[in-house]
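One structure below.
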Amino acid sequence: MKNQLLIIAALESELKHEFLPHGVKIAYSGIGKINAALTTLKAAQEFQPKRILNFGTAGKVNPSVQGLLEIARVIQRDMQTEPLAPRGKTPFCPRPFEYFSLGGNYVCGTGDSFVTAHDPWLHTQRVDVVDMELFAIAAVAYQLNIPWQAYKYITDNANKDAGKDWGEKVNHGQELFLEKLSEIVKD
């Protein structure tokens, strides 16, 4: 069965399925790139969406951002294989090292670690926020030729208090995202 929209979220605590509009499918991936890739691939095969939408939480690297952000570009922050390839690029891999969404103004750096300290490389790459799933979701969408969009809600400052702050705010972006989703569904 073909669906217009498939949402991938890491955790149900970020976005409860019962609040979604009728006909919008959601798959919960769990945390991390491998979980996100496997879940996105399986859900895309099952639901055959025309668009994949990721919603999740993020830590901010850019001190001027807050609230709900639409992501324009995503890179891998934890692919570090120097001297085989520069940081962020997978050596000997024909796939892109960055992916571009349907819209947005912000850059997300994805990695399988919780960011709790300043990383100068993130600033040189103009990364605004960090997460743990989007790059994998975007890679699968690219591979399947499905357009994607992502919205990230800022929960923390990607510093030593990030874990505590994230835990307290993990569900605070749901209402803002549902407002955005109602606009998307109308289009």
- Message: For a protection proxy built on the mean count of beta-carbon atoms within 10 angstrom, sort 150-156, 98-104 highest first, please.
- Response: 150-156, 98-104
- Note on the structure: Evaluated at 20 °C and 1.002 mPa s, the Stokes-Einstein D of the stretch 87-187 based on the Kirkwood radius over Cα pairs, in µm²/s, stands at 140 µm²/s
- How many Å³ per residue does the convex hull of the Cα positions in the chain occupy? 106 Å³
- Query: So how strong a dipole does the stretch 3-186 carry about its Cα centre when Lys and Arg Cβ are +1 and Asp and Glu Cβ are -1, to the nearest 20 debye?
  - Reply: 480 debye
- Item | Dimensions in Å of the stretch 1-96 - Rg and Dmax from alpha carbons | 15.8, 50
- Item | Dipole of the chain [Lys/Arg +1, Asp/Glu -1 at C-beta], most positive-end residue of His22, Val170, Gly59 | His22
- Given a cut-off of under 8 Å on Cα pairs at least six residues apart, what relative contact order in percent is computed for the stretch 3-186? 29 percent
- Query: Relative contact order for the stretch 57-139: what is it in percent, counting Cα pairs under 8 Å that are at least 6 residues apart?
  - Reply: 38 percent
- Message: Checking the table Lys25/Lys60; Lys50/Lys186; Lys42/Lys180 against a 20 Å threshold on Cα-Cα, which pairs fail?
- Response: Lys25/Lys60; Lys42/Lys180
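Just so you know, all these numbers are worked out from the coordinates, no wet-lab data involved. All values derive from a computational prediction rather than experimental measurement. Note that we place each Cβ from the backbone using ideal geometry, even for glycine, and neighbour counts take in every protein chain shown.
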